[in-house]
Amino acid sequence: MDEKSWVFHIGPIWFDGTVTTMILLTCLIVFLLVFFFTRKLSMKPTGKQNAIEWLVDFTSGIVGDNMPRKEVNNFSLLSFTLFLFIFVANQIGLVTKIVTPNEVSLWKSPTADPFVTMGLAMMILVLSNLLASERFGLVGYVKNSFLSPMPMLLPIKIMEEFTNVITLGLRLYGNIYAGEVLLTLIASMVTSLGWIAIPIAIPLEMIWIAFSLFIGSIQAFVFTTLSMVYISHQIEVEE
């Protein structure tokens, strides 16, 4: 499968148009979902308000399970936003598949691109270190994050920062990309084998879409959980 993205440039800088468009669309969907589910809030929640409150409690629970209770209010909004963005980004590629005759992909999950997932992982790395330096000061940050419990662990601690980024980003990318590739291969059965493949292709497509929905949800949970774990390791004092 030799798909390409359409690209554009602003001056000398080139951009991946497909990924950029899908990220903007994901942000728009997230905004509209939250906007719709939080209209006309009441003291006795029902329907859509119950759903959004459950999601807020769920993502706050992720923070509470991996950080001290005093930190829940500080990071619950980050957890909620991160989970909802990744969840929508993971699922949006299951809606349809738009590819031009020149094999240029116009629609896919943003998280099926390694630069997006690695960018998200790098964001968590930078944020966790900035929060730690703000909380402990530069000297305390270096001591707590890299020289504790013993200075000889400094090379391992530095390497751990990079391995955290790689594993966090590539885990998400690999799962979502593999799911979209398999959906494309199943759909291609119809074009290659003709109408005779439809009785086989449609059930397989439906089963794999359901499985991909599950995997996309799990990966959003895993990414958010590990992000809270990494931040917690930086902002809590090493014993």
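Worth a mention:
- For a paramagnetic label modelled on LEU25 (point 7 Å from Cα along Cα→Cβ), amide N atoms under 16 Å away are absent within the stretch 193-218.
- Taking θ as phi - 60° and the Karplus parameters 6.51, -1.76 and 1.60, the scalar couplings of the stretch 219-225 work out to 5, 5, 5, 5, 4, 5, 4 Hz in sequence order, x denoting glycine and proline.
- Per residue, in Å², the accessible surface of the stretch 1-140 once ligands and nucleic acids are set aside, probe 1.4 Å: 59 Å²
- With a Förster radius of 45 Å applied to the C-beta separation of PHE211 and SER148, the computed FRET efficiency comes to 0.60.
- Pairs of lysine residues in the chain - Cα separation under 18 Å, sequence separation of 8 or more or cross-chain: 5
- Distant-in-sequence amide contacts of VAL7, defined by a placed amide H-H separation under 5 Å and a gap of 5 or more residues or a different chain, comprise GLY17.
- Among 170-180, 212-222, the order from most to least packed when residues are scored by Cβ within 10 Å on average: 170-180, 212-222
- Cα long-axis angle, helix 17-37 against the chain (0 to 90 degrees, to the nearest 10): 70 degrees
- Sparse-neighbour loop sites [trypsin sites (Lys or Arg not before Pro); the stretch 1-80; at most 12 other C-beta within 10 Å; DSSP]: ARG39, LYS40
- Cβ-based charge dipole, the stretch 1-122, positive-most Cα from PHE15, ASN102, LEU33: LEU33
- Quotient of Cα Rg and 2.2 N^0.38 Å for the stretch 1-66, N being how many residues it contains: 1.73
The values are calculated or read from the model by the stated rules, or taken from the named source; none is laboratory data. What you see is a predicted model, and the numbers here were worked out from it, not measured in a lab. Glycine also receives a Cβ, built like all others from the backbone with ideal geometry; neighbour counts cover every protein chain displayed. Keep in mind that these areas ignore ligands, DNA and RNA; they rest on the heavy atoms of the full protein, side chains included. Shrake-Rupley method; radii C 1.70, N 1.55, O 1.52, S 1.80 Å.
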